[in-house]
Amino acid sequence: MNHISQGKSIKAIKSNQSNQSSQPIKSCRYIKSIKIKGNKIKLTEFMMEADMASSLGDARRKIEQGGVSINSEKVLDYKTELNKKNDNGKIIKAGKLHFAKIIFK
C-alpha cells in the first residue's frame, strides 16, 4: 500500500507535498500505518515489517548511511529501539519514498 500503487505519480506526490508544506507530514495520506504488538521493536526489524528494507543488513546499511529518520531527525545508530512510551505514532522515513507510521497496540 505505498503511494505508487494508489495511482499517483512521483511528480504528483512531490507537488502535493510542496503545496502542503505548512502542514506536518503526519497529514499525508500516503503513509502506511504499521501496528506493532508489544512495547518495543528494533528499528531494523520495524523497517523489514514495513517493507522499507529487504533484510536486516539492508536496514542496517540504510541507517548507517544516513537514509533513515524518525520525525525528521536522522538516525545513525542501527541498534536504535522504538518503544511504546516515546515513539508511538511517529513517522519513520527511509530514503525519499518510504514512509511508515508506527502504532503500538
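The values are calculated or read from the model by the stated rules, or taken from the named source; none is laboratory data. Computed from a predicted structure; not experimentally measured. Counting neighbours? That spans all protein chains shown, and the Cβs are built from the backbone with ideal geometry, glycine included.
Can you pull out the residues in region 74-90 that are surrounded by 11 or more Cβ atoms within 10 Å (Cβ to Cβ) and either in contact with a Ser or Thr (Cβ under 8 Å, 6 or more places away or on another chain) or of a type outside the set (A, V, I, L, M) (or both)?
Correct list: Lys74, Val75, Tyr78, Thr80, Glu81, Asn83, Lys84, Asp87, Asn88, Gly89, Lys90.
Select from region 36-55 the residues that are of a type in the set (A, V, I, L, M, F, W, C), assigned to a helix (DSSP H, G or I) and either buried (at least 21 other Cβ atoms within 10 Å of the Cβ) or touching a residue at least 24 places away in the same chain (Cβ under 8 Å) (or both) and list them in ascending order. Break it down stepwise before answering.
Kept after step one, since they are of a type in the set (A, V, I, L, M, F, W, C), are these residues of region 36-55: 36, 41, 43, 46-48, 50, 52-53.
If we keep only those that are assigned to a helix (DSSP H, G or I) as well, we get 43, 46-48.
Of everything in region 36-55, those that are of a type in the set (A, V, I, L, M, F, W, C), assigned to a helix (DSSP H, G or I) and either buried (at least 21 other Cβ atoms within 10 Å of the Cβ) or touching a residue at least 24 places away in the same chain (Cβ under 8 Å) (or both) turn out to be Leu43, Phe46, Met47.
Please count how many residues of region 60-73 are more than 18 Å from Lys90 (Cα to Cα) and either assigned to a helix (DSSP H, G or I) or modelled with pLDDT under 95 (or both).
The qualifying residues number 4.
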